[in-house]
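K.L.:
Okay, handing you the structure first.
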Amino acid sequence: METAYPRIKQLTPGPRHSLSGGLKDWQAPPLRLGETERLRFRNMIYDYPQYYEVAFSFRDIPKEAAFLRACIDRHSKIDVSWVFEVGCGFAPHAEELIKAGYRYLGLDKNRNMLDYAVSKWRHLEPRPDFIEGDMIAFQTPRPVDFAFVMLGSLYLNTREEMNSHFDSLARVLRPGGLYFLDWCVQFDDPMKYADNNSVTFERDGISVASRFNIRLTDPTEQMYEEIWTLDVNDRGRRRTLQMTERNRAIAPRDFLDFVRNRSDFEFVGWWRDWNLDQPITDTAEITRPVALLRRR
């Protein structure tokens, strides 16, 4: 049976953001319940990309983009023009990568995130392109030369979803191109992050306190739930957003076995602390492990 793919959309600025204005024109969607009421709709936090951006403002985006370029320079077997981000959100790396000479293509299934990305990066030339669709099965309007997914955003909960994702990627990633995976392989127990993980960041007058609760739901299938809560103070306007996501922990051995059982990807390596001079060779504590595959 032929796979059904989401419809490809090249997004343009929508009514929430005027081309004559700045990001101040972008408005968070109104709450559907009372301002102080806790909301439990799936994807609710992703519907508020401005708050999401503040929650992750600790990241050193120029440094991360430079590391992606180093991976390309050292390990890609092809020249790279188009880079493709899976689960791109508001595309935080788009500006740095475009400035470095690449064309950017992002995939995400949340329209609010993509609207925000289009508005945020509309000043770039060439402009980034975006696809609204699911990472489980997708196509792109053109072949890509490098693919990446950040912050463990590889939400594939079954072997069938894993195979569908990699089948899709194999169709769009040119042979010799790399697939970079940030924090998608679990070298330690995800339950270790269940406590003491609250952090607060402030930016442009918006304060966001972010906390995660993690619970194991199916040890046999390595399934767990992440309950993510944001307490927001948006210039005096307070709201609490919460969502629950189910994810499957991918152990290193399972990841290697999966790749080795495929004929279209090869394992290049994995590293600790975003340092190509620190390959993972032992079980010492690892912060944000990264893995690299190459399309055969």
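K.L.:
For the residue pair residue 262 and residue 238, what label-to-label distance in nm results when each label sits 7 Å from Cα along the Cα-to-beta-carbon direction?
P.N.:
Distance between label points: 4.7 nm.
K.L.:
Let me ask another. Fewest first, what order do 113, 44 take by the number of other Cβ atoms within 10 Å?
P.N.:
44, 113
K.L.:
No solvent, one uniform scatterer per C-alpha: report log10 I(q)/I(0) for the stretch 37-145 via the Debye equation at q = 0.14, 0.19 1/Å, two decimals.
P.N.:
With one equal scatterer per Cα and no solvent, log10 I(q)/I(0) is -0.59, -1.04.
K.L.:
Now a separate question. Go through 286-294, 261-269 and give me the packing order, highest mean Cβ count within 10 Å leading.
P.N.:
Taking the mean over residues of other Cβ atoms within 10 Å, the ranking is 286-294, 261-269.
K.L.:
At a Förster distance of 35 Å, what's the computed FRET efficiency of residue 199 paired with residue 159, Cβ-Cβ distance as r, to 0.05?
P.N.:
About 0.55, to the nearest 0.05.
K.L.:
So, one more: Counting other beta carbons within 10 Å of each Cβ, put 78, 206 in order, fewest first.
P.N.:
Taking fewest neighbouring Cβ atoms as first place, the list is 78, 206.
K.L.:
Here is a further query. Karplus couplings for the stretch 89-99 from phi (6.51 cos²θ - 1.76 cosθ + 1.60, θ = phi - 60°), rounded to Hz, Gly and Pro as x?
P.N.:
Calculated HN-Hα couplings, in order: x, 8, 6, x, 8, 4, 4, 5, 6, 5, 4 Hz.
K.L.:
Once you put a point 7 Å from the Cα of residue 245 and another 7 Å from the Cα of residue 167, both along the Cβ direction, what distance in nm separates them?
P.N.:
The modelled label-to-label distance comes out at 2.4 nm.
K.L.:
Modelled label-to-label distance, residue 253 and residue 139, 7 Å Cα→beta-carbon offset: nm?
P.N.:
4.0 nm
K.L.:
Mind sorting 277, 182 by how few other Cβ atoms lie within 10 Å of their own Cβ, fewest first?
P.N.:
In increasing order of surrounding Cβ atoms, one gets 277, 182.
All of the numbers you see were taken from the coordinates with simple rules; none came from a lab. Given the structure is predicted, the values throughout are model-derived calculations rather than measurements. Note: ideal-geometry Cβ built from the backbone for every residue, glycine included; neighbour counts use all protein chains shown.
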